[in-house]
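Enquirer: Have a look at this one before I ask anything.
The values are calculated or read from the model by the stated rules, or taken from the named source; none is laboratory data. A quick note: this is a predicted structure, and the numbers were derived from the prediction, not measured. Here the Cβ positions follow ideal geometry from the backbone for every residue, glycine too, while neighbour counts run over all protein chains shown. Just the protein is used for accessible areas: all its heavy atoms, side chains included, with ligands, DNA and RNA removed. Shrake-Rupley method; radii C 1.70, N 1.55, O 1.52, S 1.80 Å.
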Amino acid sequence: MMARFILPCKGSGLPKTCLLGLISSGHVITQSHLLIGSQIIVASVVIVAALIPPARLYLLLHIGKIIGFLALHYLRPGNSTWRLICSVATEPLPKQVEESKMDMPKEIFLKDYKLPDYYFDTVDLKFSLGEEKTIVCSKITVYPRVKGNIATGIELVKECCTSPLVLDGHDMKLVSVKVNSKELKEEDFHLDSRHLTLSSLPSGKFTLEIISEIHPQKNTSLEGLYKSSGNFCTQCEAEGFRRITFYQDRPDIMAKYTCRIEADKSLYPVLLSNGNLIEQGDLEGGKHYALWEDPFKKPCYLFALVAGQLESRDDTFTTRSGRKVSLRIWTPAHDLPKTEHAMYSLKAAMKWDEDVFGLEYDLDLFNIVAVPDFNMGAMENKSLNIFNSKLVLASPETATDADYAAILGVIGHEYFHNWTGNRVTCRDWFQLSLKEGLTVFRDQEFSSDLGSRTVKRIADDAGPMAHPVRPHSYIKGAEVVRMYKTLLGSQGFRKGMDLYFKRHDGQAVTCEDFFAAMRDANDADFANFLLWYSQAGTPRVKVTSSYNKEAHTYSLKFSQEVPPTPGQPMKEPMFIPVVVGLLDSRGKDMPLSSVYHGGKLESVACNDQPIYSTVLRITKKEEEFVFSDISERPIPSILRGYSAPIRLDSDLADSDLSFLLAHDSDEFNRWEAGQILARKLMLSLVADFQQNKPLALNPQFVHGIKSILCDSSLDKEFISKAITLPGEGEIMDMMEVADPDAVHAVRSFIKKQLASELKEEFLNTVKNNRSSEQYEFNHWNLARRALKNIALGYLVSLNDPELTELALHEYRTATNMTEQFAALAAIAQNPGQTRDDVLADFYSKWQHDFLVSLFLNLFE
Ligand SMILES: [Zn+2]
């Protein structure tokens, strides 16, 4: 499941290239501005909000429980975007309880988990879809769990056969129940509003047939089977299947399914379910049917059914072992032209998973359905992924580079679940990170390989909100998976993945099983690594350094603390991999040969070749690592690539940070050093502003920004991130008493100052990164546009008529939304007639486009 792309939920860490990001990073629209001016923007919000029907608004604002949860957690002072959006939400936010359960320590759930008393082998479903009601027939082969000697299967313990079979069921009418073809009488079962309980069952394997009646047209829960915009659609994760038929609705019940769908042919010409289509034909009364068979065992949360009027974009992909797979993306007819990028993304994902993990697609057909009112964002149902249109549809005129990138990521994400989630699934919902953490990690790696690794890392994990690990199991889970890779290297990680699939294909497993596969495949010592799954809270790590010039040694002393959290007052030290490199006085990486640690001198060289970055394994509350043969005092680059989800406090001086900003070979730390410096600078200027002192910009900082802007060896997208100032919200978060006016004044001051001192450089940047060629989504072009757009934003902040004219020219001549919107955001920095005219023009141009309207409504 994937909900994270629909809403920008990172607070001030929004991707700065998306529409909302541009607006908010331009700081057109902080709350104070809303009140003071920007009437046209306010008007736009009001108009657009009024145009959006409540149901759709709800959809936008609360895509699933997870987004609601995020919204709750990220509604913070200074994050006015969220406040306003949520104030117009039409339904209450989901309770926090469910999601916080996911983050609670695992032991509690291990204790609560019970093996099922019965397993299901095959499930044959038959749906008669009707306008009034839908009849669902299910035929399940059931067998009791064998207790005792599982290997021989002989010892069937009596007590297990006497256990009742408890089926979940919600909001449906039971028509009949048969066991081994014999209809049960009312005294043979017990039915309440949530369960159907069967006792006195046969002692061995038996067949259970249940007929029930449901009303998808009346189903407003958007779970189970529901009708929306004329189409039938399902959403079963996490517990929607119990609204379709009586079932053991838990992920450790894995079975092989067939699904026969019958419906009116003219109303529902397309009938889709999981697996391969094995039969279809016409029936009496204008009806038709389709029979689907999924040869792989799956939990019921992956079941899907779609019936409606849809058309498809068709393509094929040949797997590396030669299987020719039909690919189809289904949408309402008018959306079909906007599915080209989604198809490209799907094929790229299929190829990538083969290349990087050796994982091939396993069926002859892969379907994607994109409908405007799918509530969950995107869902990885086996071979029938269902998406909200927003996550699939794109055209250069209406979608930005950030949207294109998000589509690539989310199509990849759902596809990658085919192995991590579907073929190997989670035993219970407290193992969510097993499938989501791993799959988020995989989609991050996919996007990194196709774009800029550092920028992806910045966007996903290093937003200002991210250093404290988000209270969100998806992201935290991905960080934990990433640490395995940091510790084991790419090859070791791949060995672990191979063993994981070899051991667990077709099973519902736990995070410990994943851990064990990683450990065993590499014969690795992971010390107390498992604590990452059970111990809540973000470790705070302090590091101090000292150089001994006589001994030529350099010491890094680490101490760690994990803050107490509810239910966990005392914390154990965590296992934290910290990637470190040392820079010499010229800014070059020093060779590292050996480290003295824990009473031993350990070589870190690889095959006697020096290395320039190493992983320090911190496992204790306090620990020292001493590098030997260090010829001069180095500048340390610590936690390279953000190698562990911790908060790091170092004793680096501003001059060290400036040095890292100018020289670090690790781009992530280079960016991080710039951000720390900028935050410090902004905070000190805020203090000056509050005391009415004149503001002056540190020339070292200007020099640092200039050196990055003019470094042609750097990736352009990375440059655009590195020269972006921290957001106002981020600075206010760091203040004891937030002062929005002071922060806004200071940020504008720095921006203008940089623009005026580096005007020539910014003008050249705009000039050199223009292109009149047709829009193409690839990294080179995306990076070029990102850099041009940020330079334009700086220039226009000067409010010079010539530069505003330049932006107007860019606005008028733009061939794609990325550049048009960037020009708009640049112009919108300066109140006045030009801004009002351009905003009005943009609004009138796009008010009727559904996708752009999505952005327009975020315009507050
Ligand atoms: Zn997912």
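Enquirer: Compute the distance in nm between two label points, each set 7 Å from the Cα along the Cα-to-Cβ direction, one at residue 314 and one at residue 710.
Expert: Placing both labels 7 Å along Cα→Cβ, they lie 5.8 nm apart.
Enquirer: Moving to a separate point now. Would you mind checking which residues have amide H under 5 Å from residue 325's amide H? H placed 1.01 Å from N; only 5 or more apart, or other chain.
Expert: It is 317, 318, 319, by chain and number.
Enquirer: Same structure again: Take the Cα of residue 756, step 7 Å along the line toward its Cβ, and report every residue of the range 771-815 whose backbone nitrogen sits under 18 Å from that point.
Expert: So the set is 793-804.
Enquirer: Sticking with this one: Run the simple label-point estimate for residue 813 and residue 585 please: 7 Å along Cα→C-beta, distance reported in nm.
Expert: It works out to 4.9 nm between the two label points.
Enquirer: Shifting gears a bit: Mind ordering 563-576, 686-699 by average Cβ neighbours within 10 Å, highest first?
Expert: Per-residue mean Cβ counts within 10 Å order the peptides as 563-576, 686-699.
Enquirer: Please tell me which of these pairs span more than 25 angstrom C-alpha to C-alpha: 390/502; 456/788; 351/495; 185/205; 133/297; 114/435?
Expert: Beyond 25 Å: 390/502; 133/297.
Enquirer: Solvent-accessible area per residue for the range 540-666 at a 1.4 Å probe radius, Å²?
Expert: Per residue, the range 540-666 has an accessible area of 50 Å².
Enquirer: Taking θ as phi - 60°, what are the ³J(HN,Hα) couplings along the range 768-785 by the Karplus curve (6.51, -1.76, 1.60), each to the nearest whole Hz, with x for Gly and Pro?
Expert: Working through the residues one at a time gives 6, 10, 7, 8, 9, 6, 4, 4, 9, 9, 8, 4, 4, 5, 4, 5, 4, 5 Hz.
Enquirer: Quick one: how many lysine pairs does the range 540-666 have with C-alpha atoms less than 13 Å apart and a gap of 8 or more or different chains? Give me the count, please.
Expert: The number of close lysine pairs in the range 540-666 is 7.
Enquirer: Here's something else I'd like to know. Using the Karplus curve 6.51 cos²θ - 1.76 cosθ + 1.60 with θ = phi - 60°, work out ³J(HN,Hα) for each residue of the range 404-413 in order, rounded to whole Hz, and write x for Gly and Pro.
Expert: Once θ is set to phi - 60°, the couplings for the range 404-413 become 4, 5, 5, 5, 3, x, 7, 5, x, 3 Hz.
Enquirer: Tell me, what is the FRET efficiency for residue 163 and residue 602 to the nearest 0.05, using R0 = 51 angstrom and their Cβ-Cβ distance as r?
Expert: 0.40
Enquirer: Find which of 796, 691, 766 sits farthest along the positive direction of the dipole of the range 669-859, computed with +1 on the beta-carbon of Lys and Arg, -1 on that of Asp and Glu, about the Cα centre.
Expert: It is 766.
Enquirer: While we're on this one: Dipole of the range 114-309, Cα-centred, from +1 at each Lys and Arg C-beta and -1 at each Asp and Glu C-beta, to the nearest 20 debye?
Expert: Using only the charged Cβ atoms, the result is roughly 280 debye.
Enquirer: Check residue 373: other-chain or 5+ apart residues with amide H under 5 Å from its amide H, H built from backbone geometry?
Expert: Excluding prolines and chain starts, which carry no amide H, the hits are 389.
Enquirer: Using only the Cα atoms of the range 618-682, each taken as one equal point scatterer with no solvent, compute I(q) by the Debye sum, divide by I(0), and report log10 of the ratio at q = 0.19, 0.22 Å⁻¹.
Expert: Debye intensities relative to I(0), on a log10 scale: -0.85, -1.07.
Enquirer: For the ranges 436-446, 838-848, 614-624, what's the packing order if you count other beta-carbon atoms within 10 Å of each residue, average per peptide, and put the highest first?
Expert: Top to bottom by mean Cβ count within 10 Å: 436-446, 614-624, 838-848.
Enquirer: Let me ask you something else. On the principal axes of its Cα set, how long, how wide and how thick is the range 540-666? Give whole Å, largest value first.
Expert: Sorted largest first, the three principal extents are 49, 34, 27 Å.
Enquirer: Dipole size in debye (nearest 20) for the range 540-666 around its Cα centre, Lys and Arg Cβ +1, Asp and Glu Cβ -1?
Expert: Value, rounded to 20: 340 debye.
Enquirer: Would you mind getting me the FRET efficiency between residue 774 and residue 182? Use the beta-carbon distance for r and R0 = 56 Å, nearest 0.05.
Expert: Here the calculated transfer efficiency is 0.25.
Enquirer: I would also like to ask the following. Leaving out ligands, DNA and RNA, what percent of the accessible area of the range 341-391 is carbon and sulfur, probe 1.4 Å?
Expert: Here carbon and sulfur together make up 57 percent of the probe-accessible area.
Enquirer: Would you pull out the residues with amide H under 5 Å of residue 255's amide H, same chain only if 5 or more places away, H placed 1.01 Å from N?
Expert: The list, which skips near neighbours in sequence, is 298.
Enquirer: So, one more: Let me know the charge dipole size of the range 420-550 about its Cα centre in debye, to the nearest 20, where only the beta-carbon of Lys, Arg (+1) and Asp, Glu (-1) is charged.
Expert: Dipole magnitude for the range 420-550 comes out near 260 debye.
Enquirer: Could you order peptides 378-390, 587-599 by the average number of other Cβ atoms within 10 Å of their residues, highest first?
Expert: Result, highest mean first: 378-390, 587-599.
Enquirer: Another question about this same structure. Rounded to the nearest 0.05, what FRET efficiency do residue 139 and residue 360 have when you use their Cβ-Cβ distance and R0 = 25 Å?
Expert: 0.20
Enquirer: Tally Lys/Arg at +1 and Asp/Glu at -1 over every other residue whose Cβ is under 14 Å from the Cβ of residue 547; what's the total?
Expert: -4
Enquirer: Using every alpha carbon pair in the range 669-859, what percent of pairs falls into each 5 Å bin from 0 up to the bin containing the largest distance?
Expert: 1, 7, 15, 17, 19, 17, 13, 7, 3, 1, 0
Enquirer: Okay, next question. Could you go through the range 187-195 in sequence order and give the Karplus-derived ³J(HN,Hα) for each residue, using 6.51 cos²θ - 1.76 cosθ + 1.60 with θ = phi - 60°, rounded to whole Hz, and x for Gly and Pro?
Expert: For the range 187-195, the Karplus-derived couplings read 6, 8, 9, 10, 10, 10, 5, 10, 9 Hz, x marking Gly and Pro.
Enquirer: With each pseudo-label sitting 7 Å past Cα toward Cβ, what's the residue 693-residue 594 distance in nm, one decimal?
Expert: Each label point is offset 7 Å from its Cα along the Cβ direction, giving 5.0 nm.
Enquirer: Taking 0.36 nm per residue of sequence separation and subtracting the Cα-Cα distance, how much length would be gained by fully extending the chain between residue 190 and residue 121, in nm to one decimal?
Expert: Between residue 190 and residue 121, full extension yields an extra 22.5 nm.
Enquirer: Under a 1.4 Å probe, what is the accessible area of the range 669-859 per residue, stated in Å²?
Expert: Here the per-residue accessible area is 42 Å².
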